[in-house]
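Asks: Mind having a look at this structure? Questions to follow.
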Amino acid sequence: MDKWQRMGQSLFEAAMLKRLERTGYAYLGSGKENIAAHSYGVAFCALILAKLVPEVDELKLLKMALLHDFLEARTGDLNSVNKLYAQVDEKKAAQEAFEGLPWGEEWFRLWQEYREGQSLEAQLVHEADQLDLLVMLKEQRDLGNPYASGWIKFAQGRLKTEVGKRLAEAICQTDWASWWLDYFVPQRDDDI
């Protein structure tokens, strides 16, 4: 197989993430999201974090964010309950997912660095992963899910950086629909 065909395979593998659902929402009782949508949310959170932490390598951070759950096309999305009983050989999945790509070694190193969680970029991608989850949980709480608050506290407890904690607080204090609702719904009685 030539490198172009291998790149084509990689594109189809990434596209699979659009069809694979994140499994934790079943335990929450409401909400739904595919892995690709989550990866976009993580990348967007990472982009904001990159602007708040100027010493970070923004390009490296964004690459890492985009790749952080890429392997789930092969391994599936194991939620916290699943992880009590099942194990996945992520290293093997990463080696095989990136093998034969002209930049495969770079992507493997980025994935490995993310998993190790030692670099500033890796730490911020882990924060972005939790922040994206918080956005979805806050939406569910605002829509009335009684279990979302407990999950929110759990996700907030995973945050380690000051910038991540501050952004999480802002998420928790913001109504999920305020970004558009404030433009169309009067805020004061005299606006009616």
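Asks: What do you get when you divide the Cα radius of gyration of the range 20-139 by 2.2 N^0.38 Å, with N the number of residues? Intermediate results must be reported in sequence, preceding the final value.
Replies: Values: Rg = 14.4 Å, N = 120, 2.2 N^0.38 = 13.6 Å.
Compactness ratio reported: 1.06.
Asks: Using the Karplus curve 6.51 cos²θ - 1.76 cosθ + 1.60 with θ = phi - 60°, what ³J(HN,Hα) values do you get for each residue of the range 58-67, in whole Hz, with x for Gly and Pro?
Replies: Values per residue, Gly and Pro as x: 4, 5, 4, 4, 5, 4, 4, 5, 5, 8 Hz.
Asks: Here is a further query. Evaluate the charge dipole of the chain about its Cα centre and quote only its size in Debye, nearest 20, assuming +1 on the Cβ of each Lys and Arg and -1 on the Cβ of each Asp and Glu.
Replies: Values: 23 positive and 31 negative charges, 99 e Å.
It comes to approximately 480 debye.
Asks: For the chain, what does the helix formula give at 222 nm: sum of -39500 (n - 2.57) over DSSP H segments with n ≥ 4, over the residue count, nearest 500 deg cm²/dmol? Please list the in-between numbers first.
Replies: Working: 12 runs with 129 residues, N = 192.
Helices in the chain give a 222 nm mean residue ellipticity of -20000 deg cm²/dmol.
Asks: Right, something else. Pairs to check: Lys91/Lys138; Lys83/Lys138; Lys3/Lys60; Lys32/Lys83. Give those whose C-alpha atoms are more than 26 Å from each other in this structure. Present the calculation step by step, with values, prior to reporting the outcome.
Replies: On the way: Lys91/Lys138 33 Å; Lys83/Lys138 24 Å; Lys3/Lys60 23 Å; Lys32/Lys83 20 Å.
In this structure, Lys91/Lys138 exceed 26 Å between Cα atoms.
Asks: Also, I was wondering about something else. Report the gain in length on full extension from Ser149 to Trp176: 0.36 nm times residue separation, minus Cα-Cα distance, nm rounded to one decimal. Write down the numbers at each step before the final one.
Replies: Details: separation 27, 0.36 × 27 = 9.72 nm, distance 1.41 nm.
Taking 0.36 nm per residue and subtracting the Cα distance, the gain is 8.3 nm.
Asks: Taking the alpha-carbon centroid of each part, what is the distance from the range 10-78 to the range 104-132 in angstrom?
Replies: 11 Å
Asks: Right, another one. Of the peptides 128-136, 98-106, how do they stack up when ordered by the mean number of other Cβ atoms within 10 Å, highest first? If you can, show how the numbers build up before the last one.
Replies: Numbers: 128-136: 23.8, 98-106: 14.0.
The densest-packed peptide leads the list: 128-136, 98-106.
Asks: Where does helix 120-142 land angle-wise versus the long Cα axis of the chain, in degrees 0 to 90, nearest 10?
Replies: 40 degrees
Asks: In straight Cα distance, which aspartates and glutamates are under 14 Å from Lys18, not counting same-chain residues fewer than 8 positions off?
Replies: Once the sequence-local aspartates and glutamates are set aside, what remains near Lys18 is Glu33, Asp69, Glu72, Asp77.
Asks: Note down the nm distance, to one decimal, between modelled labels 7 Å out along Cα→Cβ at Gln9 and at Arg166.
Replies: According to this spin-label approximation, the distance is 4.6 nm.
Asks: Rank these for me by crowding, Ser30, Ser39, going from fewest to most other beta carbons within 10 Å. Write down the numbers at each step before the final one.
Replies: On the way: Ser30 14, Ser39 22.
Sorted ascending by nearby Cβ count, the order is Ser30, Ser39.
Asks: Compute the long axis of helix 3-16 from its Cα atoms, compare it with the longest principal axis of the Cα atoms of the chain, and write down the angle in degrees, 0 to 90, nearest 10.
Replies: Taking the Cα atoms of the chain, the angle to 3-16 is about 30 degrees.
Since every read-out is calculated from the coordinates, none of them should be taken as a lab result. Computed from a predicted structure; not experimentally measured. FYI the Cβ positions are ideal-geometry reconstructions off the backbone, even for glycines, and counts take in every protein chain you see.
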